[in-house]
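Note sheet for the following structure.
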Amino acid sequence: MRKPYAITMARREGRSSRRRLGLYMGSISLGVAAVVSINSFRANMTDAIHGESRALLGADLELRSLRPFPSTVQGVIDSIEAQGTPTSYVTTFASMALAKKTGKTRLVDVRAVTGGYPYYGSIETVPPGQWQTIQSSRLALVDPSVLVQLDVAVGDTLSIGTAAFVIHGVLSKVPGELAFFAALGGRVYIPGAYLGETGLLETGIRTVHRAFFAFENDETLDELMGQHETLLQDNQVRHDTATEREQDFVQALDLMARFLGLVGLIALLLGGIGVASAVHVFVKHRLPTIAVLRCIGAPQSTVFSIYLLQAGLLGTLGAAVGVALGVVVQLNLPRILQDFLPLDVPVSIEWITLLTGLLIGTWVALIFAVLPLLEVREVAPLRALRREFDDSQRTGVKRYWAHAAILATMISLSLWQAPNWTTGAAFAAALAVTTALLWLIAWVAMRITRRLFPRRAPYAVRQGIANLYRPHNQTVAVTLAVGFGVFLITTLYVSQRNLLSQVELDSSPDRPTLLLFDIQRDQKDSVEQIVSSLGFPLLGTTAVVPARISRVRGRPVAQMLNDTINPPPNRWPLTREYRNTYRDSLAGSEKVVAGEWWSRGEAGRRPETAVPLISIEEDLARQLVVSIGDHVTWDVQGILIDTEIANIRQVDWARFEANFFVVFEPGVLDEAPQTFVITTRVADAVARAELQRDLVLAFPNVAAIDLTSVQETVEAVLDSVAFAIRFMAFFSIASGMIVLVGALATSRYHRIRESVLLRTIGARKGLIRRILITEYTSLGVLAGLTGVALGSVAGWAAITYMFRLQFDAPQSSLLVLWLAVVLVTAVIGLLNSRDVLGKTPLAVIREMSD
Amino acid sequence: MMIIAAGLEQTYSSLGRALRVLDDINLTVEPQGFVAVVGPSGSGKTTLLGLLAGLDQPTAGSVELDGHHLGLLTEDERARIRAEKVGFVFQNFQLIPTLTALENVLVPVELRRVLTRRSVGNEEQRARDLLARVGLADRTHHYPAQLSAGEQQRVALARAFANEPKVLFADEPTGNLDSETGRTVIDLLVQLNSEERTTLVLVTHDNELAGRARRVVRLSGGKIVSDQITRPG
């Protein structure tokens, strides 16, 4: 059996095209690598979470309450324990810790543990095995950052409230918690037996009470939950099972991996553009051969098959290289993303994902290769006789189908990779719009250049600029390739810069740097006095009144939660504990968007019988589905207060101030149980530390948040996020560079011919170089400006609509980025044309006539 | 094989202006005839050759090639006739640069086998024989770039005769060769033509080459201005 003719010819023809199409392979490989690595990693991660779901919770069931468990619930817990089910309590609260040796303080996250928690997985420490030993005496295990900030070591003593603990070791891994905490958090584990000695629970600080259980079998758990679900809900006790926790993690991490996957997808699609330009150049070189084949009688379909087979084969090869590269990246992803992972992710080869990557890569390569390959079908046999024969009659319908197939591929891949259909559709639409805009701008720029042509400019400049719109120009190709890469970089950069600038502390003197909270009513005056006596300004004293929602528009919350026909859009705002305040004026970070603020005069002076007014934050209003005039009934420490919504506020949460969801008009909550938040500004870090120490010594329950360190934490988190995104974006940018080289190669053939002609009639190399510099610089200016502009718009849209923050364009950085793009484009362009200058005209003429 | 052209007219439009390249050409080429088409640059020689070979469609008139009316066929059907019955020799050789000499000669043979499902026996042996007949038995595995111009045109000759064509169209076959090499190529062309009993239509400037033909058709301004039988067939 003989091989089909097209295969024989493709094999023979392909011998020399392998090198030429290497570029084509490279651009598809990077995209495939990005997609394969992130998707393999996603599969590994899901497996890991699934395998260790119990360790994520440390137990089979967790009960959680913001108050000590009510007696009914405690009764249930006791009965479970009495049946022999291992039970543990973990009490968590924020408190100041004072290092006796250095006198330094910081806010820590105290966790007092009794019982055998965790039942699954283990809390790892340095030195190892310390977890089991701390239970029996006044010992503590802390995060490394606590040691650093308090300037102490293992063996030193830590005061929390009125109790003291010896630091016995450092936490290295807590299952189910992100690795962020080790570097930034302030976790301090103490034995539950000594919790009472701190004396903090009586001061009314915000405490989370948790109970953990390890059941013999799942049936017991299911039966128990079925039995007590309502009781727990009525008492606002939340519960989490290992399965629920697993689902939460899988969902969150899947979302993250899919978003990163979308960034990787851009690399794959850019790779497609690279394929298209490489194949375009390849076909141009093959036109004489194709004409001869047609001349001696090869049918269109045979010739087309010869080249489609070559493209397919190289596409598969490129995709295979990409898969291999993807596996290498996958091996390193757990390290890059480790800060976001709640557990160790063992790496294993995901064959299905690799195969999918191979298929998708081959498909994208083929579909993008078909468009330029259609030209093969259009080559007239007459071209063999007449080199200059114009055979550019287009088979319009086939092109239309090729474009449609590319579009369909783009949309399907977006939907496949995106976390949900909406995001996928939005992503595909954004890609399409960006591509269309880049194309449109390139087209308009060509028009404008032709119209406003600088006729009096020097010869080289005129030639270079005319190259932008002459036949065989590369304006559209370069604008698309460079523009897309720059667009991506700009969007990421602008968004990151804006997010960071939101958390930058304002240096103006009325902005706080220190937030003191959990101040009891009887401590308020003394704390204020300490702050003022040290010469620091009192920027504000705000009351905080804990409360829960009891009824919304007359409907009891419990009834709303159990409504299966019209379930509330979100349970969280109905069940959470609010920390409300009351005041007569708006804070600097607030703006009324509907209704009216109560004026100073009428506040508290309205008739006793009038329903008290409240102001509600706009997002909360949306989630509770309430508007102005609606009534909300609050449970303030057991006392029900009916209120009416007077206005809706917008709150700039990014401002580090004491911000509130709900503000009451003055006069209603004055006598309710409350704590106070005092803000002050202490610019000097040493003075800030001293003030905190004095306060801790005088009032152990008063907690202080040093906003400077909060800012550092937020910056570190954003940096890690940005790094992960940038890592995936790197693939796109690398693909973009390859596409740029490919796009420039598209027109290289014509450039060489023109330059040779110019040199033949006597132009010097310097002149040719100046022409090329003018052309590539102009292309860089256009493509860079377009990319930066579109990227800024995308960044603005993300900041304004997604993050709901104030947008500020980092103009000077964008200018630098733009100039860098111009430089890179010009340099790559010149490097790409160096043989135009290096060879003698005769050598090139000979080469071209072959 | 008989070629009959009747009332051929070819008009190209360029920048909105019509340019008549061929005007009312009537020409009949007898089987195994040897016709040279001569004339100054731009007289329409190559255009006529392209139309006779079915590489292009005339604006008016018709071409009949071995009983097939080319105007009634699709491009792929015309291609099939070319693959089965026609050989070509070009001025600039037009060898496929990525194939060896032997593979270049094999292209039309294999193509015909695929299209007609008919084998001419041992294809590779025939290709080797042809290369030997043009004096390139030791160059079979060389690429075009490794061959001289004369050698390349001799490979092209071997390729043109590879599928036993009934008619051979040659477009300035010596145009890119020096006179010495050109003469060798002409000798080979004439020799192969008579051995293979092929009809030969030749476009040329070269008076020496035209002198070897049995009939000379002279074109000027797209019209036949003379048609002489120079030696009896």
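The values are calculated or read from the model by the stated rules, or taken from the named source; none is laboratory data. Only a predicted model underlies this, so the values are computations on that prediction, with no experimental measurement involved. All Cβ positions, glycine included, derive from the backbone under ideal geometry; neighbour counts span all protein chains shown.
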Inset, instruction - For region A:707-720, state whether one or more residues are in contact with a Ser or Thr (Cβ under 7 Å, 6 or more places away or on another chain) and either assigned by TED's automatic domain parsing to the domain that holds A:Gln496 or touching a residue at least 40 places away in the same chain (Cβ under 8 Å) (or both). - result: yes
Inset, instruction - Return yes when A:Ser29 is crowded, with 23+ Cβ neighbours inside 10 Å and either in the same structural domain as A:Pro334 (by TED's automatic domain parsing) or over 30 Å from A:Tyr578 (Cβ atoms) (or both) and no when it is not. - result: yes
Inset, instruction - Select from region B:119-148 the residues that are in contact (Cβ under 8 Å) with a residue 40 or more places away in the chain and buried (at least 16 other Cβ atoms within 10 Å of the Cβ) and write down the one among them that is farthest from the other protein chains (Cβ to nearest Cβ). - result: B:Arg133
Inset, instruction - Tally the residues that are closer than 19 Å to B:Thr46 by Cβ and without any contact (Cβ under 8 Å) to a residue 24 or more places away in the chain, restricting the search to region B:172-205. - result: 0
Inset, instruction - Say whether the condition of being within 14 Å of chain B (Cβ to nearest Cβ), assigned to a helix (DSSP H, G or I) and of a type in the set (D, E, K, R) is met by at least one residue in region A:290-306. - result: yes
Inset, instruction - Kindly establish whether A:Thr72 is closer than 30 Å to A:Phe212 by Cβ, under 39 Å from the mean Cα position of the chain (by Cα) and either assigned to a helix (DSSP H, G or I) or assigned by TED's automatic domain parsing to the domain that holds A:Leu337 (or both). - result: no
Legend entry - Where a residue in region A:327-346 is on the phi > 0 side of the Ramachandran plot and its partner, wherever it lies, is surrounded by fewer than 14 Cβ atoms within 10 Å (Cβ to Cβ), with Cβ under 8 Å and at least six apart: none
Inset, instruction - Could you list all residues from region B:64-102 that are assigned to a helix (DSSP H, G or I), more than 8 Å from chain A (Cβ to nearest Cβ) and under 17 Å from the mean Cα position of the chain (by Cα)? - result: B:Leu70, B:Arg78, B:Lys85
Legend entry - Filtered residues of region A:5-21 (kept if at pLDDT below 75 and either of a type outside the set (Lys, Arg) or not in a helix (DSSP H, G or I) (or both)): A:Ser16, A:Ser17, A:Leu21
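Residues checked against (1) at positive phi; (2) more than 35 Å from the chain's Cα centre (by Cα):
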| site | (1), (2) |
| --- | --- |
| A:Thr91 | no, no |
| A:Ser95 | no, no |
| A:Gly103 | yes, yes |
| A:Gly121 | yes, no |
| A:Gln130 | no, yes |
Inset, instruction - Confirm whether A:Pro334 is outside any helix (DSSP H, G or I) and either over 28 Å from B:Gly50 (Cα atoms) or within 14 Å of chain B (Cβ to nearest Cβ) (or both). - result: no
Inset, instruction - Tell me which residues, restricted to region B:175-215, are part of a loop (DSSP other than H, G, I, E, B) and closer than 23 Å to B:Leu106 by Cα. - result: B:Arg197, B:Thr198
Inset, instruction - Would you be able to say whether some residue in region B:6-16 is among the β-branched types (Val, Ile, Thr) and at the interface with chain A (Cβ under 9 Å from one of its Cβ atoms)? - result: no
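This table checks each residue for (1) at pLDDT 90 or above; (2) out of contact with any Leu (no Cβ under 9 Å at 6 or more places or on another chain); (3) surrounded by 20 or more Cβ atoms within 10 Å (Cβ to Cβ); (4) not basic (Lys, Arg).
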{"position": "B:Ser41", "(1), (2), (3), (4)": "no, yes, no, yes"}
{"position": "B:Leu51", "(1), (2), (3), (4)": "yes, no, yes, yes"}
{"position": "B:His69", "(1), (2), (3), (4)": "yes, yes, no, yes"}
{"position": "B:Leu72", "(1), (2), (3), (4)": "yes, yes, no, yes"}
{"position": "B:Leu102", "(1), (2), (3), (4)": "yes, no, no, yes"}
{"position": "B:Leu106", "(1), (2), (3), (4)": "yes, no, yes, yes"}
{"position": "B:Arg117", "(1), (2), (3), (4)": "no, yes, no, no"}
Inset, instruction - Kindly indicate whether any position in region B:46-60 is part of a strand (DSSP E or B) and over 25 Å from B:Gln153 (Cα atoms). - result: yes
Legend entry - Tally of residues being closer than 18 Å to A:Thr203 by Cβ and either surrounded by 18 or more Cβ atoms within 10 Å (Cβ to Cβ) or among the β-branched types (Val, Ile, Thr) (or both) across region A:521-540: 3
Legend entry - Given (1) under 16 Å from the mean Cα position of the chain (by Cα); (2) over 28 Å from B:Ile3 (Cβ atoms), number of the condition B:His141 does not satisfy: (1)
